[in-house]
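Here's the structure we're looking at; comments come further down.
The values are calculated or read from the model by the stated rules, or taken from the named source; none is laboratory data. The model shown is predicted, which means the values in this text are computed figures rather than measured ones. Quick reminder, even Gly has a Cβ in these numbers, built from the backbone with ideal geometry, and neighbours come from all protein chains shown. Heavy atoms of the whole protein, side chains included, go into the accessibility calculation; ligands, DNA and RNA do not. Shrake-Rupley method; radii C 1.70, N 1.55, O 1.52, S 1.80 Å.
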Amino acid sequence: DWTQLRPILSIPGLAGAGHVSGRLLGTAARPELKLAGTFAHASGCEMQADSLSLRELSGPFMPPARLTGSLTAERLHALGRIIDHVEMDYAWAEPRLTFSRLDAVDADTLVHTRGTADFAPTRGASHTVLEGGTLTMGGLTWTPEAPLTIEGLGTRYEVLPVGVTSPAGRTVVQAVFQNDRGTMDSRFSAMDLDLITLAGSRKAPELTGGH
């Protein structure tokens, strides 16, 4: 049970039980862990995964811990929806999680990104910045024009307005996700889009063009 490792090893909000194997390395003054294993129904930071595979977790673990690793999550309950598959390479140095690679797959939606997340557990708050990447939905790939910021407080997550572009054109998107309700409210403004490109192969025969 991950929660029983506190306060020796703690990542705020992370909970779950599973089977783990590993080694204790380093010196008495600076011990280090190297772990791998699987967890069932892991949770943390207002997210839950039906299963989590910890491919690697290593680094000095005495507070403040400084850990690196990689993981895979299946059916991640986050941002008001269930995401089929998530992979992440990360580094943890309280209060910041840095992910050099975050790949998510949900039906025909693909996300590739990187960034940081800063946590304030006492307030139940988080500040996430995605520094780059792409969002592919159907046949279109959207790219943010600037870093994308997500402000979290409790079960509410707000995506601040950011311009995104694709072969279909440009728009500004912002969104609010309520994890406790399983809802999302996405809004688009300043749209300059080619409707035929946006519709792709599923366009209606009578659609001949337009922005």
>> Take the conditions more than 30 Å from Thr27 (Cα to Cα) and either open to solvent by 30 Å² or more (accessible area, probe 1.4 Å) or in contact with a Ser or Thr (Cβ under 8 Å, 6 or more places away or on another chain) (or both) and apply them to Arg75. Does it pass?
In response: yes
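Mind checking which residues of segment 172-188 are in contact with a Ser or Thr (Cβ under 7 Å, 6 or more places away or on another chain) and either among the hydrophobic types (A, V, I, L, M, F, W, C) or in a strand (DSSP E or B) (or both)?
Hits for segment 172-188 are Val172, Val173, Ala175, Gln178, Phe188.
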>> I'd like to know if segment 154-161 contains one or more residues that are crowded, with 16+ Cβ neighbours inside 10 Å, closer than 20 Å to Ile83 by Cβ, hydrophobic (A, V, I, L, M, F, W, C) and modelled with pLDDT of 95 or more.
In response: yes
>> Residue pairs, Cβ under 6 Å, 6 or more apart or interchain, first in segment 112-141 and within 18 Å of Gly152 (Cα to Cα), second part of a loop (DSSP other than H, G, I, E, B). List them.
In response: Asp118/Pro95; Phe119/Pro12; Phe119/Pro95; Pro121/Pro12; Gly124/Gly154; Val129/Pro147; Glu131/Pro147
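Among the residues of segment 43-62, what is the count of those that are outside any strand (DSSP E or B) and either at pLDDT 75 or above or open to solvent by less than 40 Å² (accessible area, probe 1.4 Å) (or both)?
Narrowing segment 43-62 to residues outside any strand (DSSP E or B): 45-46, 61-62.
Those still in the list that are either at pLDDT 75 or above or open to solvent by less than 40 Å² (accessible area, probe 1.4 Å) (or both) too: 61-62.
Here the count works out to 2.
Just for segment 144-170: of the residues that are hydroxyl-bearing (Ser, Thr, Tyr) and within 18 Å of the chain's Cα centre (by Cα), which one is farthest from Ala78 (Cα to Cα)? Working first, answer last.
Filtering segment 144-170 for residues hydroxyl-bearing (Ser, Thr, Tyr) gives 149, 155, 157, 165-166.
Narrowing the set further to residues that are within 18 Å of the chain's Cα centre (by Cα) leaves 149, 155, 157.
Working: Thr149: 16, Thr155: 10, Tyr157: 10 Å.
Per the criteria, the residue is Thr149.
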> Looking only at segment 78-88, which residues are assigned to a strand (DSSP E or B), open to solvent by 40 Å² or more (accessible area, probe 1.4 Å) and aliphatic (A, V, I, L, M)?
Replying inline: Ile82
>> Residues to consider are Ala91, Ala146; find the one that is surrounded by fewer than 17 Cβ atoms within 10 Å (Cβ to Cβ), of a type in the set (Gly, Ala, Ser), modelled with pLDDT of 90 or more and more than 29 Å from Asp194 (Cα to Cα).
In response: Ala91
>> Exactly one condition in (1) modelled with pLDDT of 95 or more; (2) in contact with an Asp or Glu (Cβ under 7 Å, 6 or more places away or on another chain); (3) exposed (fewer than 14 other Cβ atoms within 10 Å of the Cβ) is false for His112; which is it?
In response: (3)
> Looking at this structure, is Thr68 assigned to a strand (DSSP E or B), among the β-branched types (Val, Ile, Thr) and surrounded by 17 or more Cβ atoms within 10 Å (Cβ to Cβ)?
Replying inline: no
> Taking segment 162-185 as the region of interest, how many residues are within 18 Å of Thr128 (Cα to Cα), open to solvent by less than 50 Å² (accessible area, probe 1.4 Å) and among the polar types (S, T, N, Q)?
Replying inline: 2
>> Can you pull out every residue in segment 14-32 that is closer than 18 Å to Ser70 by Cα and either exposed (fewer than 13 other Cβ atoms within 10 Å of the Cβ) or modelled with pLDDT under 85 (or both)?
In response: Leu14, Ala15, Gly16, Ala17, Gly18, His19, Val20, Ser21, Gly22, Arg23
